[in-house]
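Taking it in order: structure first as structure tokens, then the write-up.
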Amino acid sequence: MNPPRIISSRKYLSLPLLLFITLPCYAEPLSNLYKITDGISGVRSKYDRFIIKPGEERCIENIAGPGEITFFYFTDNSGGQIYDGLVLKVRWDDQNFPGINVPLGAFWGVFNKKTCDYQSLPMQVNHLCYMCCLPMPFSKAAKFYIANDGNETYDHFIAYGIDFVLDEQFKAETSRLYCQWIRSNPTLHGEHPILKVQGRGHYIGNFLQIYSTYSGWWGEGDTIFTIDGKIMTHTPGTEDEYGSCWGFGPLFNSPYTGYIQNENGHYRMYRWYLNNPVRFQKSLNVVIQNKRFQGNDFKKGQLESGDDYSSVAFWYQEDRKEPVPLDNYERRAAPTKARKY
């Protein structure tokens, strides 16, 4: 079996994260480790006290290319409650806008200052160590920033590490990683938009956080892709999309899917499309329906809900010209407006 292709038709996904996993079923992709390339590895790491005042932005690393980021980890001494006024921004090459532009913790699936441990192929959180192994190619430069758009000063000790490979082959690579955070507070017309993008690329996954006051089955919403104008229902239920069926049951985490929080109406999950990326040539629109059953009687049909949804989407794209938007801190941190049932 060949490694899963997710950068372009010419590249394959290299997942150093597999080195952290010892189960035998993940061993096969390691067979490529013996291959010698023309690349030279490097690392940037730091441990220091960071004081970032509201409105400030700090460039933590500027890596000259051509090359590829192969591993990125972060931690701070907040005890798993990463300040949600911090924003991770990554600018690729000569772009004057960040391609990754999300709340720092949410990049690893942390919402509402609540860390949940999990182990998936491209992302892991283990005892306050936040790790990413999504490959991030660049031709000229990869610039990492931490910004504070919140209302209080961030003052913590942090540690981070960025592993990369410098290789001339990436000079011609046009794919770049992008990342977007969206909140629907509450959802409108029973839908939450996960991603809407114009151009050529493919979508590889998301984290999803839901807050619902409904005591019955809240997760009947389908995931719908509109690929180059053609509408496709991917799965007939929220649990189906995130790795379960007939409800969620106990918490779980796995290489591609996870259901990692069920706490006082807060539900958190992830889905990675690594072997099956959602490819598009002109446009992609990804939405998830917010629907519930009437009571616990499935025969009565479904109703549109108005719950509080937040998501972080990850995708690769060529030649993006538009900034990746992000709501300001006041909207991101606003009290929930989830409908009462």
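The values are calculated or read from the model by the stated rules, or taken from the named source; none is laboratory data. Since we're looking at a predicted model, the values are computed, not measured. Heads up, the Cβs are rebuilt from the backbone with ideal geometry, glycines too, and the neighbour counts pull from every protein chain shown.
The set of residues from the range 117-140 being outside any strand (DSSP E or B) and surrounded by fewer than 20 Cβ atoms within 10 Å (Cβ to Cβ) comprises Asp117, His127, Leu128, Ser139, Lys140. Could you tell me whether Leu177 is modelled with pLDDT of 95 or more, in a strand (DSSP E or B), surrounded by 16 or more Cβ atoms within 10 Å (Cβ to Cβ) and within 14 Å of the chain's Cα centre (by Cα)? Criteria met by Leu177.
For the range 75-83, state whether one or more residues are without any contact (Cβ under 8 Å) to a residue 24 or more places away in the chain, crowded, with 22+ Cβ neighbours inside 10 Å and closer than 18 Å to Val312 by Cβ. The answer is no, given that none of the residues of the range 75-83 is without any contact (Cβ under 8 Å) to a residue 24 or more places away in the chain, crowded, with 22+ Cβ neighbours inside 10 Å and closer than 18 Å to Val312 by Cβ.
In the range 287-300 there is no residue matching the filter, namely being surrounded by fewer than 16 Cβ atoms within 10 Å (Cβ to Cβ) and within 13 Å of Lys196 (Cα to Cα). Among the conditions (1) in contact with a Cys (Cβ under 7 Å, 6 or more places away or on another chain); (2) surrounded by fewer than 21 Cβ atoms within 10 Å (Cβ to Cβ); (3) closer than 20 Å to Asn112 by Cβ, Lys143 misses just one, which is (3). Whenever a residue of the range 309-328 is farther than 17 Å from Gly85 by Cα, its partners that are modelled with pLDDT under 95 and among the aliphatic types (A, V, I, L, M), lying with C-beta atoms within less than 7 angstrom and at least six residues away or across chains, give the pairs Tyr316/Ile6; Tyr316/Ile7. For Asp38, the conditions (1) more than 19 Å from the chain's Cα centre (by Cα); (2) of a type in the set (Asp, Glu); (3) modelled with pLDDT of 95 or more all hold with the exception of (3). Listed by position, the strands (runs of 3 or more DSSP E) enclosed by the range 194-299 that each have at least 3 residues that are within 22 Å of the chain's Cα centre (by Cα) and under 19 Å from Phe314 (Cβ atoms) are 200-211, 223-227, 257-263, 266-272, 278-280, 283-289.
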